[in-house]
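Q: Just dropping this structure here.
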Amino acid sequence: MSVTRTASLGPLGRTQRGGPVGLRNPARRRPRSGLLALIAALASVMLAVLIAPAAFAAPGDDQEKTDFYFAGSITFEDAPIDGVVIGVDGGGFTAETKTDAEGKWRLYVPEKDTYRLKVDEDTLPEGVIIDAEQLPPGVSPVEGSTGEFDAEFGLTGTKIINLFLGEGERITTSFADQLIGRTIGGINFGLLLGLASMGAALIYGTTRLGNFAHGEMVSWGGVIAVLCTSFWSLPLWVGVVAAVIAGALLGWAMDAGLWGPLRKRGLGVVQLMIVSIGLSLALRYVLQFMIGGGTHQLPGASPDPMHFGPVTLSYIDITGMSISLVAILAMAYFLNRTRIGKATRAISDNPQLAAASGIDVDRVIRIVWIISGTLAAMSGVLWTYFRPGVQWNMGMQMLLLIFCAITLGGLGSAMGALIGSLIVGVAVEVSTLWIPTDLKYASALLALIIVLLVRPQGLFGRRERLG
């Protein structure tokens, strides 16, 4: 007797042991589809995160925020124009931005004053200029240009400037005039950078220390000046004198309290350099505690410019250049004509031989630190007017340029640091004829690389034997 066994059928006619051929189990398919849905959801979230900053970024988000800004839009025949480069210049402060897809732009400035707005006409459509007849109140075209305008704030810290394009013939400044003007500006910047660089070069020459806290020594001068003038309402000359004295005291205190004892313990150059990095961070946040995180101005930070042909300077620029030249000439006399200056050069050449000759090396190094602090403080005050404004971390912006200048001129050479600073200053300012303003400091590094490829020891450094 034969028995036929049949499998019981479950719902939808499938066998409970696997079902007929050609039918798939939905329980096995669901996890795969769920995984694909999860991956798709995650991908959409990541795409949204990547796109959101670019899609929803407001004009000016890439700039340092202040309480004062110019803003507006650029349109042509009621259509927004994107990618137009517009800059602001005034009192040594410069900034640059581009219009977005809606034609909107925004430029933050350090204080409420009169500034010059510059529209790069090469980024405008062909054959059009800014329609001067539709400029808002408080904005006036600059004579001899169709892309530059003087703008001043009203009662508030916001100035809205909507620019409308129309057909017209462009008037531009010649390349030669731009080159002359920016070269003079580069010399001005190079001189104030040279004050800080000469002090750093003297420190390296006598101690072989690359002082990463030198930027904070520069900031210290600006901070003391703004404390005396803006916080305590003292006259400007009192703030400047106090800044110079405070710079000298800081140099003395750093060597007496830190570097001198570390030298006596015989620490190597690498250990001292690491200590200087930590000191830099500590001093930076002390300065932030003193004045906060905002930007503070010294009295008369944005004076009216004076025009000398293609060159535009203010009385502060002329005063700063004069002070820098006097300080540099005094340093040259000190190093070449005085006993301590000659001893400084001797220690820079060979500290062991200088000590054997009867020179008090520690005393000379202490004097070098005092002089370096004084020069750094003077540079900080001038840099405050050049930027313009005082910030707790402004010295960090100069540190790389200081190292670039002393390496370019030759390590340990004060006069070499001065020449290197002038080269860096001119390279930074002139390079803006071809590259965006945001990249101008990279040109200093390019100049450094080119010079070191030709002369590895720098312009005034000595070739040293290896091995």
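Q: Identify, from the list LEU335, LEU422, LEU418, LEU400, the residue that is at pLDDT below 90, of a type outside the set (D, E, K, R) and under 30 Å from VAL454 (Cα atoms).
A: Working: LEU335 fails: at pLDDT below 90; LEU422 fails: at pLDDT below 90; LEU418 fails: at pLDDT below 90.
So the residue among LEU335, LEU422, LEU418, LEU400 that is at pLDDT below 90, of a type outside the set (D, E, K, R) and under 30 Å from VAL454 (Cα atoms) is LEU400.
Q: Would you call ILE449 free of Cβ contacts under 8 Å to residues at least 12 places away in the same chain, more than 18 Å from ILE328 (Cβ to Cβ), aliphatic (A, V, I, L, M) and in a helix (DSSP H, G or I)?
A: The answer is yes for ILE449.
Q: Identify, by number, the condition in (1) touching a residue at least 24 places away in the same chain (Cβ under 8 Å); (2) loosely packed, with under 13 Cβ neighbours inside 10 Å that MET321 doesn't meet.
A: Status for MET321: all satisfied but (2).
Matching residues to (1) more than 14 Å from VAL381 (Cβ to Cβ); (2) touching a residue at least 12 places away in the same chain (Cβ under 8 Å):
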| site | (1), (2) |
| --- | --- |
| GLY205 | yes, yes |
| SER230 | no, yes |
| ALA248 | no, yes |
| ALA256 | yes, yes |
| PRO261 | yes, no |
| GLY268 | yes, no |
| VAL275 | yes, yes |
| GLY278 | yes, no |
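Q: I've got another one for you. Restricting to region 67-103, and then to whatever is farther than 25 Å from ILE435 by Cβ and crowded, with 16+ Cβ neighbours inside 10 Å, can you tell me which residue is nearest to the chain's Cα centre (by Cα)?
A: Step one: list which residues in region 67-103 are farther than 25 Å from ILE435 by Cβ, which gives 67-68, 71-73, 75-80, 102.
Now drop any that are not crowded, with 16+ Cβ neighbours inside 10 Å, which leaves 68, 71-73, 75-76.
Numbers: PHE68: 20, ALA71: 23, GLY72: 26, SER73: 27, THR75: 32, PHE76: 34 Å.
Here the residue is PHE68.
Q: Counting only residues that are modelled with pLDDT of 95 or more, give me the helices (runs of 4 or more DSSP H) lying completely in region 198-289 with at least 2 of them. Break it down into steps so the answer makes sense when it comes.
A: Working: elements: 214-226, 236-254, 260-264.
Those helices (runs of 4 or more DSSP H) span 214-226, 236-254.
Table: residues versus (1) out of contact with any helix residue (DSSP H, G or I) (no Cβ under 7 Å at 6 or more places or on another chain); (2) closer than 30 Å to TYR115 by Cα; (3) crowded, with 21+ Cβ neighbours inside 10 Å.
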| site | (1), (2), (3) |
| --- | --- |
| ASN336 | yes, no, no |
| ALA346 | no, no, no |
| GLY358 | yes, no, no |
| ARG363 | yes, no, no |
| GLY373 | no, no, yes |
| GLY395 | no, yes, yes |
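Q: If we keep just the residues of region 295-318 that are surrounded by 13 or more Cβ atoms within 10 Å (Cβ to Cβ) and hydroxyl-bearing (Ser, Thr, Tyr), which is modelled with the lowest pLDDT?
A: That would be SER302.
Q: Right, something else. State all residues of region 282-294 that are closer than 20 Å to PRO261 by Cβ and surrounded by 13 or more Cβ atoms within 10 Å (Cβ to Cβ); if no residue qualifies, say none.
A: We begin by selecting, within region 282-294, every residue closer than 20 Å to PRO261 by Cβ; these are 282-283.
The one that is closer than 20 Å to PRO261 by Cβ and surrounded by 13 or more Cβ atoms within 10 Å (Cβ to Cβ): LEU283.
The values are calculated or read from the model by the stated rules, or taken from the named source; none is laboratory data. The structure displayed is predicted, hence computed values, not measured ones. Quick reminder, even Gly has a Cβ in these numbers, built from the backbone with ideal geometry, and neighbours come from all protein chains shown.
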